[in-house]
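Inspection log for the structure reproduced underneath, given as structure tokens.
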Amino acid sequence: MAGESELREVRLEGDDGSSAAIRTQGATLTSWKTADGQERIFVSSTAKYERGAAIRGGVPVCWPQFAMRGPLRQQHGFARNSTWQVARQDKASVVLTLDETTAKLAEGWSAPFALEMEVSLGKDTLTQELRVRNTDPTQSLSFTTALHTYFTVSDLPSVEISGLQGLQYDDNARNGAIVTEQGDRVRIEGEVDRLYEAVPGAVELRHAGGGVRLLRHALPDVVVWNPAEDKASRLADLSDWRGFVCIEAAHAAGAPVELAPGASWVGRQEMSKL
């Protein structure tokens, strides 16, 4: 399968009866069903499955920058818009790859790189590992990144997100105001667009239909996002803003990751059923 460049979907099956789907379009995870049959990942019914587009929903890979936090004029970078290659696959895991020769590079980007995205199923868990290697022999590589996870929720008003109390966040729904989270539960009331810096432990999402725990490695920051009705109405590929909340594992709030020539970095998130 190495060298494939066509858009396709890879299906995974766990020994516990769980399943997942990953698209070569952006290496985007588009489904994770736990053994109880519950879909944990939201994808818009109007998402675009076409070369060069980012999928609205799932887990887009934001790289080499999160939002506009970087030198590019392209929101969230180009990894999510590129067609990745399937390097290897077995029943419950897959590795996809991308480099400067296969990516749909953004204007102004010329640095060489090698990315790998590994997705694997375990008992009531799904793990994503993003590996970045600087293949330039003389120049350093700088980036910010996020795994932009859209979690499906059965009832948005019932959503409670824990693990963020006492932390500062950049409130992009309030023109970048710096705010300290006072409550022990974050609820979605109107537009929410927050970047929490240096989150020390697990973050948990609970709603009327279930819950998920999110663990992170080398992704210290957490983004919580839901556009609410007004902003969602301007997103043509978003079908139902009430059906999801984004909780994103990120390296975006502080200094970018800096990789010396030949150096590597690994960021990981593990999602588990509550």
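Just so you know, all these numbers are worked out from the coordinates, no wet-lab data involved. Bear in mind the structure is a predicted one, so any value in this text is a computation, not a measurement. A quick note on method: Cβ atoms are made from the backbone with ideal geometry, for glycine too, and the neighbour counts reach across all protein chains shown.
Key figures
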read-out	value
Separation between Cα centres of the range 58-120 and the range 190-225, rounded to whole Å	22 Å
The range 158-198: relative contact order as a whole-number percent, Cα under 8 Å and 6+ apart	48 percent
Listed residues Thr180, Thr152, Thr97, most fluctuating in the chain (Gaussian network, C-alpha, under 10 Å)	Thr180
The range 116-180 - convex hull of alpha carbons, volume per residue in Å³	177 Å³
Taking the range 1-134 and dividing mean pair separation by its residue count, relative contact order in percent (alpha carbons under 8 Å, at least six apart)	22 percent
Across Lys33/Lys104; Lys104/Lys231; Lys48/Lys104, pairs whose alpha-carbon gap is larger than 19 Å	Lys33/Lys104; Lys104/Lys231
Positive dipole terminus of the range 1-121, leading residue within Gly17, Ala92, Pro112 (C-beta point charges)	Pro112
Relative compactness, the range 18-67, computed as alpha-carbon Rg over 2.2 N^0.38 Å	1.20
Mean Cα-pair separation over length for the chain, i.e. relative contact order, pairs under 8 Å, 6 or more apart, %	19 percent
The range 51-196: C-alpha gyration tensor shape, a/c 1.5 cut-off, then a/b vs b/c	oblate
Cα-based Rg / Dmax (Å) for the range 122-274	16.5, 52
Tail weight of P(r) past 17 Å, computed on alpha-carbon pairs of the range 1-95, percent	53 percent
Within the range 18-83: Cβ-based charge dipole about Cα centre, in debye rounded to nearest 20 (Lys, Arg +1; Asp, Glu -1)	240 debye
The chain: most fluctuating residue of Trp84, Trp241, Trp32 per GNM, C-alpha cutoff 10 Å	Trp241
Most mobile of Val179, Val224, Val59 in a GNM of the chain (Cα contacts under 10 Å)	Val179
